[in-house]
Amino acid sequence: MVDSNALGDFSLHGKAALVIGAEQVLGQVAAQALAEAGADIVAASQEPGTGEQLTELSRAISGTGRKVMIQVQSAATRADLRASLDMTVRELGSLDIVVNACDYRRFGSANLGEDSNFDRMIDNTLRSAWIACQEAGRIMIRRGGGSIVNIVSVLAERGLPNASLYCASQAAILSLTRSLALEWAEQRVRVNALEFGWLESQPQADSPARRFQDELLKYLPGRQLIKAEDLAGALLYLVSPGAEFMTGQAIAVDGGLLARP
């Protein structure tokens with residue numbers, strides 16, 4: 001039997017969380033899960049022009065009874081990130097949790113890629129994660145600690161044809177996560193990664209996306225793609241008081257994909 005007092009280690013009641021990339025499906029799941037566990041939320045976008053998506057998310061979270069605010073921003077712009085972090089502290093009274101759920105996927109042949117493709121990929125992945133971690137870390141160190149989670153693809157640890165830039169950017173974020181965890185451990189700022197596997201979608205029948213999805217199933221031990229909401233439990237663990245000694249780690253929710261040779 002689990003000690004009922006131990007369950008409090010997984011409550012986020014009274015915590016203040018900033019979710020970046022909240023207009024994306026992974027960000028939406030993250031924000032809703034944190035709110036349901038008791039955290040107050042600032043939901044910030046990855047890209048401008050996403051106010052409608054954030055407003056819909058805010059309505060969904062309001063049903064949990066938690067405080068929720070939205071911030072339309074560019075995650076690759078330091079001034080925007082700083083404003084979102086300052087807003088979280090000012091309006092929610094603290095900054096306990098930051099989830100970087102930015103997701104930017106672009107695929108194509110490496111020998112046809114241009115430098116502009118590289119720049120866009122880095123700006124929307126590694127640069128965004130770096131700014132978010134750096135700015136959040138500064139605040140958390142001053143306040144005595146906190147938890148940062150970077151959500152990345154399992155392609156951080158696997159190669160994929162026609163996805164070289166995406167794979168490289170995800171691997172860079174994973175390495176950044178581990179390095180910052182070591183650097184900030186004494187300041188009680190925990191930095192972890194949550195890796196997602198192949199996400200289920202609803203492509204049209206007999207479309208290239210459907211055929212690709214069917215091919216992916218052959219590589220999964222359970223022959224089943226994951227849903228975005230399947231990441232919620234692992235995320236809540238990583239940011240909870242119950243994971244006090246978890247830092248520099250990556251939890252993969254991937255249906256066993258990384259277990260394959």
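The values are calculated or read from the model by the stated rules, or taken from the named source; none is laboratory data. Please read all numbers here as calculations on a predicted model, not as lab measurements. For neighbour counting, all protein chains shown are included, and Cβ atoms are generated from backbone atoms with ideal geometry for every residue, glycine included.
Here's the yes/no breakdown for (1) at pLDDT 75 or above; (2) part of a helix (DSSP H, G or I); (3) of a type in the set (Lys, Arg); (4) farther than 18 Å from Leu174 by Cα:
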residue: Gln213; (1), (2), (3), (4): no, yes, no, yes
residue: Pro221; (1), (2), (3), (4): yes, no, no, yes
residue: Glu229; (1), (2), (3), (4): yes, yes, no, yes
residue: Leu238; (1), (2), (3), (4): yes, yes, no, no
residue: Thr247; (1), (2), (3), (4): yes, no, no, no
Find all pairs meeting these conditions: Cβ atoms under 8 angstrom apart; at least six residues apart or on different chains; first residue within the stretch 157-182 and in a loop (DSSP other than H, G, I, E, B); second residue surrounded by fewer than 16 Cβ atoms within 10 Å (Cβ to Cβ).
Glu157/Leu258; Arg158/Leu258; Asn162/Phe107; Asn162/Gly108; Asn162/Ser109; Asn162/Ala110; Ala163/Phe107
If you check Ser62, Ser58, which single one turns out to be crowded, with 16+ Cβ neighbours inside 10 Å and without any contact (Cβ under 8 Å) to a residue 40 or more places away in the chain?
Ser58
